[in-house]
Structure formats: C-alpha cells, structure tokens
1. Under 6 Å between Cβ atoms, which residue pairs at least 6 apart in sequence (or on different chains) link something in segment 92-106 that is in a loop (DSSP other than H, G, I, E, B) with a partner that is of a type in the set (D, E, K, R)?
2. Quick check on segment 114-130. Is at least one of its residues touching a residue at least 24 places away in the same chain (Cβ under 8 Å) and exposed (fewer than 14 other Cβ atoms within 10 Å of the Cβ)?
3. Check K213 against each of (1) at pLDDT 80 or above; (2) over 16 Å from A260 (Cβ atoms); (3) open to solvent by 50 Å² or more (accessible area, probe 1.4 Å); (4) not hydrophobic (A, V, I, L, M, F, W, C) and name the one condition it does not meet.
4. Just one of S175, S159 is touching a helix residue (DSSP H, G or I) at 6+ places or on another chain (Cβ under 8 Å), modelled with pLDDT under 85 and either open to solvent by less than 50 Å² (accessible area, probe 1.4 Å) or among the hydroxyl-bearing types (S, T, Y) (or both); which is it?
5. Would a scan of segment 70-89 turn up a residue that is of a type in the set (F, W, Y), surrounded by fewer than 17 Cβ atoms within 10 Å (Cβ to Cβ) and out of contact with any strand residue (DSSP E or B) (no Cβ under 7 Å at 6 or more places or on another chain)?
6. Any idea how many residues of segment 25-68 are outside any helix (DSSP H, G or I), more than 16 Å from the chain's Cα centre (by Cα) and surrounded by fewer than 19 Cβ atoms within 10 Å (Cβ to Cβ)?
Amino acid sequence: TGHSFLSLLSTLGSPSSFWDASTPYHIASSTCEFLIILTFVVSTTSKNLSQVDKLWSILPAMYSFLCIIDHRTMLMALLSAMWSIRLTYNFHRRGGYSWPPWEGDEDYRWEYIRRGTLGGPWKLLTNQWILVVFNFGFISLFQNILLLYIAAPAFVAWSVGMRRKVCDQDESERSSSAPDVCFLDFIAATLFLVALVMETVADNQQYTFQAKKYAWRSTNNNGGNKLHEDDKMINDTIRQYSDGFCQSGLFGIVRKPNYAAEQFL
C-alpha cells in the first residue's frame with residue numbers, strides 16, 4: 001500500500017542508506033533491474049511470454065529472506081517461503097517448468113492475443129513490434145516491479161528492525177528489553193496460515209477436478225455422458241464436467257476459494 005511505502009521511506013534514516021550496497025533495498029532493486037532485462041530478452045528470443053510467471057512464486061519469498069534482521073522478519077520470511085512452495089509446486093505440476101528453463105508451458109491466453117481472437121484494442125498486439133513494446137513495458141517491467149512491491153512489508157519490517165539496532169543506540173537497554181514480535185504478529189501469522197491452507201486445499205481440488213474432467217471428456221464421447229436416473233452423485237459430477245467448472249468442495253461454498261484466500265493474504 002501507499003502507507004507501507006511511506007513507512008518504508010520514513011524508517012530509512014539517511015536517504016543515502018537506500019543505496020548502500022549492503023542493504024536489502026539495494027540488493028533487491030539491483031536484482032529486479034537485472035530480471036527485467038533478462039525476462040524481456042528471454043521471452044522475446046524464445047517467443048514464450050510466460051517467463052515472469054516462472055519467477056512469480058519465487059521472488060517475493062527471496063526478497064523477504066533478504067530482509068531478515070530479527071524474529072519478526074524471520075517469521076515473515078518463513079511464511080513467505082511456505083506461500084512460495086505451495087505456488088511453485090502448483091505451477092510445476094501444470095507444466096510451467098521444464099528444461100531448458102525458457103521453455104515450459106505458456107499461458108494459453110497469449111496465443112489468443114497473437115491471433116487477435118479477443119478483438120477490440122487487443123488486436124493491436126497482433127503487430128509484433130507493438131507486442132514487443134507491450135512485453136517490455138507490462139510483462140517484464142511492470143510485473144517485476146510488482147513482485148518487488150509485494151515484498152514491501154518485509155522491507156518496512158527490516159527498516160524498523162534496523163532502527164531498533166542502529167538508530168536507538170542511546171536507548172540500548174530499553175530496546176533490548178522490548179520484544180521484536182508481539183501478540184498481533186502471532187494473530188497475523190495464524191490468519192495467514194489459515195488462508196494458505198484454504199488456497200492449498202482449493203488448488204488440489206481444482207487440479208483433481210480438471211484432471212478427471214479431461215479424462216472423462218476423452219473417454220465419454222460416445223454417449224457416456226448421459227445422466228443416470230438413480231445416482232444423484234454421478235449426475236452432479238457429470239453436470240460439473242459438462243459445465244467445465246468445479247462446483248463441489250470449497251468451490252461449492254465460494255466461487256473462487258483460492259483467489260479469495262489469496263486476497264485475504
């Protein structure tokens with residue numbers, strides 16, 4: 001948020017400390033700049049526009065680990081790592097990673113954009129040069145900056161921790177006696193874990209449903225999709241397969257439980 005960004009700046013102390021090569025600010029911003037160029041070059045040469053997708057689940061946790069300075073930042077980094085493991089695994093099992101690393105599954109929507117299927121202003125992206133500009137400005141530049149910004153709370157916490165350790169040296173006795181984590185941190189961590197479990201369960205339900213749906217479609221093209229008069233459970237399953245959307249489990253309660261949990265995080 002804007003408040004987080006202002007808090008981040010206000011706790012830095014001297015403006016020159018932002019550019020100190022030993023601070024996570026400098027390391028993270030330099031890494032982000034490098035990845036902007038790398039993802040743009042790789043996506044352009046490989047013609048696979050999902051290069052940032054491969055980093056989406058990894059970078060926020062990596063930036064958070066750069067900010068470890070006390071127990072609070074350690075807790076934040078560990079929670080980020082758990083989020084990262086869940087999302088990386090989910091992306092991997094859908095074919096997102098392969099060797100060489102610039103290959104792998106590309107988001108199917110990019111092919112619709114290349115063909116101009118969506119119509120309207122999206123047809124502008126059928127021009128390869130406009131697509132290159134869009135790739136740099138939105139996919140490579142904006143999304144890498146967004147991934148850095150997602151970790152902004154960790155940078156704020158690092159700044160607060162650094163102030164406690166460096167800027168308050170005249171009050172070292174008071175600072176050392178004050179805990180760097182409090183009850184609110186544990187409440188936030190608990191709510192984070194609840195949301196993480198919710199979206200993990202939803203991911204698995206969605207993955208299982210989609211796998212069974214495509215298996216059902218490939219083996220039931222000759223009348224096997226007819227409803228059964230006496231089996232309501234089978235009928236409900238067939239209707240879901242026909243609709244193409246999971247409507248049971250958590251998806252029977254919330255239309256997009258994994259997205260809802262992610263917004264809660």
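The values are calculated or read from the model by the stated rules, or taken from the named source; none is laboratory data. Note that this is a predicted model, so its numbers are computed, not measured. Note that we place each Cβ from the backbone using ideal geometry, even for glycine, and neighbour counts take in every protein chain shown. The protein model used for the area step is the full one, side chains on, heavy atoms only, and it has no ligands, DNA or RNA in it. Shrake-Rupley method; radii C 1.70, N 1.55, O 1.52, S 1.80 Å.
1. G95/D105; G96/D105
2. Pass one, segment 114-130, residues touching a residue at least 24 places away in the same chain (Cβ under 8 Å): none.
No, segment 114-130 contains no residue that is touching a residue at least 24 places away in the same chain (Cβ under 8 Å) and exposed (fewer than 14 other Cβ atoms within 10 Å of the Cβ).
3. Of everything listed in (1) at pLDDT 80 or above; (2) over 16 Å from A260 (Cβ atoms); (3) open to solvent by 50 Å² or more (accessible area, probe 1.4 Å); (4) not hydrophobic (A, V, I, L, M, F, W, C), K213 misses just condition (3).
4. Answer to the check: S175.
5. yes
6. Residues in segment 25-68 being outside any helix (DSSP H, G or I), more than 16 Å from the chain's Cα centre (by Cα) and surrounded by fewer than 19 Cβ atoms within 10 Å (Cβ to Cβ): 2 in total.
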